[in-house]
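Colleague: Have a look at this one.
The values are calculated or read from the model by the stated rules, or taken from the named source; none is laboratory data. Predicted model, so just to flag it, every value in this text is computed and none were measured. All Cβ positions, even for glycine, are placed from backbone atoms using ideal geometry, and neighbour counts span all protein chains on display. SASA here: full protein model, heavy atoms, side chains in, ligands and nucleic acids out. Shrake-Rupley method; radii C 1.70, N 1.55, O 1.52, S 1.80 Å.
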Amino acid sequence: MTLLDKLRNLFAPSLSCEQANAFIADYMEGRLDPSLRTRFEAHLHMCPSCAPFLEQYRKTVELVHEDGQIDVPPGLIEHTISFLHEHRDQYSAKGTAS
Amino acid sequence: MIQRIVQDEDEARSIMQETFLQAYKRLATFRKEAKFTTWLYAIGLNLARASLRKRRRYDMLEEDKMDRLQPTFESGMHTEKFDFWNPQRLAEQNERRSLVHAAIAELSPDYRLVITLRDIEELSTTEVAQVLDITEGAVRVRLHRARLALRNLLDRYFR
């Protein structure tokens, strides 16, 4: 960060919780530009609500990723393949007939 | 993805079969600009949505409920206080899994879908935008709101 950027940050108005909330996903994906990231982090340090809120949001994404997968029901793949074989034959027969 | 939308194992099974069948029949219309899997997701999604419409399980009440699960602000500040979640509760793995599934099931179909595609199936934002036929910006907004709603639903279990 250049000296000019540091000076800009120093005098930039601090973010509100509502503004910080809008940047959470971009912050987590590293998509915020350095100056906005600094302001976002400054808000986290001084706000008693936003630090735990961000942690809950991060944890939500983590939990969904770890625990959200639905197990494929037993037999589904075999059942689907035999269904497709059956219909492929019907479909090919129709194509040949027409 | 299909099961997440229709919330019914038998219906999901039949839609999945129909998805592959439709894909087979329409293979000639597949344009190689998108990935094959993205195209397949889009077919499955359309069939699942049609099934939902038939069963009238998609209504505005769900949208209102999703709005109520968003954080609220007054003069730009949170109106609620937040604490870090209880690490012991988070560590209870078996229970945690069913709580996460129950919370996802409470989301509206659109929110369940974006969470499933992006955070579970790990499609990129671009791929999700192609499947849903919306802009990448709209995917980001919808995903954020879906995560916020889910955070709210999980809060009662993990605080």
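Colleague: Could you figure out which of (1) assigned to a loop (DSSP other than H, G, I, E, B); (2) open to solvent by less than 80 Å² (accessible area, probe 1.4 Å); (3) modelled with pLDDT of 85 or more; (4) not β-branched (Val, Ile, Thr) isn't true of B:Ala34?
Modeller: (3)
Colleague: What number of residues in segment B:13-31 are within 20 Å of B:Arg49 (Cα to Cα) and open to solvent by less than 50 Å² (accessible area, probe 1.4 Å)?
Modeller: 7
Colleague: Further question on the same structure: Quick one: B:Thr126 ticks every box in (1) modelled with pLDDT of 95 or more; (2) in contact with a helix residue (DSSP H, G or I) (Cβ under 7 Å, 6 or more places away or on another chain); (3) polar (S, T, N, Q) except a single one, so which number is it?
Modeller: With (1) modelled with pLDDT of 95 or more; (2) in contact with a helix residue (DSSP H, G or I) (Cβ under 7 Å, 6 or more places away or on another chain); (3) polar (S, T, N, Q) applied to B:Thr126, the lone miss is (1).
Colleague: Next question. Please find, within segment B:38-96, the residue that is nearest to B:Ser108 (Cα to Cα) out of those that are touching a residue at least 24 places away in the same chain (Cβ under 8 Å) and among the polar types (S, T, N, Q).
Modeller: My answer is B:Gln70.
Colleague: Take residues that are modelled with pLDDT of 80 or more and tell me which of the helices (runs of 4 or more DSSP H) falling wholly in segment A:1-75 contain 2 or more.
Modeller: Here the list reads A:17-28, A:34-46, A:50-67.
Each row is one residue, and each column tells you yes or no for (1) in contact with a strand residue (DSSP E or B) (Cβ under 7 Å, 6 or more places away or on another chain); (2) among the acidic types (Asp, Glu); (3) surrounded by fewer than 17 Cβ atoms within 10 Å (Cβ to Cβ).
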{"residue": "A:Ser16", "(1), (2), (3)": "yes, no, no"}
{"residue": "A:Phe23", "(1), (2), (3)": "no, no, no"}
{"residue": "A:Leu36", "(1), (2), (3)": "no, no, no"}
{"residue": "A:Glu41", "(1), (2), (3)": "no, yes, yes"}
{"residue": "A:Met46", "(1), (2), (3)": "no, no, yes"}
{"residue": "A:Ala51", "(1), (2), (3)": "no, no, yes"}
{"residue": "A:Leu54", "(1), (2), (3)": "no, no, no"}
{"residue": "A:Leu63", "(1), (2), (3)": "no, no, no"}
{"residue": "A:Glu66", "(1), (2), (3)": "no, yes, yes"}
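For every residue, the table says whether it meets (1) within 7 Å of chain A (Cβ to nearest Cβ); (2) out of contact with any Phe, Trp or Tyr (no Cβ under 9 Å at 6 or more places or on another chain).
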site: B:Pro71; (1), (2): yes, no
site: B:Glu74; (1), (2): no, yes
site: B:Met77; (1), (2): yes, yes
site: B:Leu99; (1), (2): no, no
site: B:Leu113; (1), (2): no, yes
site: B:Leu117; (1), (2): no, no
site: B:Gly137; (1), (2): no, yes
site: B:Arg145; (1), (2): no, no
site: B:Arg151; (1), (2): yes, no
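Colleague: If A:His45 passes every condition in (1) more than 28 Å from B:Ser124 (Cβ to Cβ); (2) within 7 Å of another protein chain (Cβ to nearest Cβ) but one, which one does it miss?
Modeller: (2)
Colleague: Ok, one more. I'd like the full set of residues that are within 11 Å of another protein chain (Cβ to nearest Cβ) and acidic (Asp, Glu), limited to segment B:1-31.
Modeller: Answer for segment B:1-31, where residues must be within 11 Å of another protein chain (Cβ to nearest Cβ) and acidic (Asp, Glu): B:Glu9, B:Asp10, B:Glu18.
Residue by residue, here is whether (1) of a type in the set (Gly, Ala, Ser); (2) within 15 Å of A:Glu62 (Cβ to Cβ) holds:
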residue	(1), (2)
B:Ser75	yes, no
B:Ala91	yes, yes
B:Ser98	yes, no
B:Ile115	no, yes
B:Glu122	no, yes
B:Glu127	no, no
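Colleague: Could you list, in sequence order, all residues of segment A:66-89 that are within 7 Å of chain B (Cβ to nearest Cβ) and polar (S, T, N, Q)?
Modeller: Once the filter is applied, which keeps residues that are within 7 Å of chain B (Cβ to nearest Cβ) and polar (S, T, N, Q), segment A:66-89 yields A:Gln69, A:Thr80.
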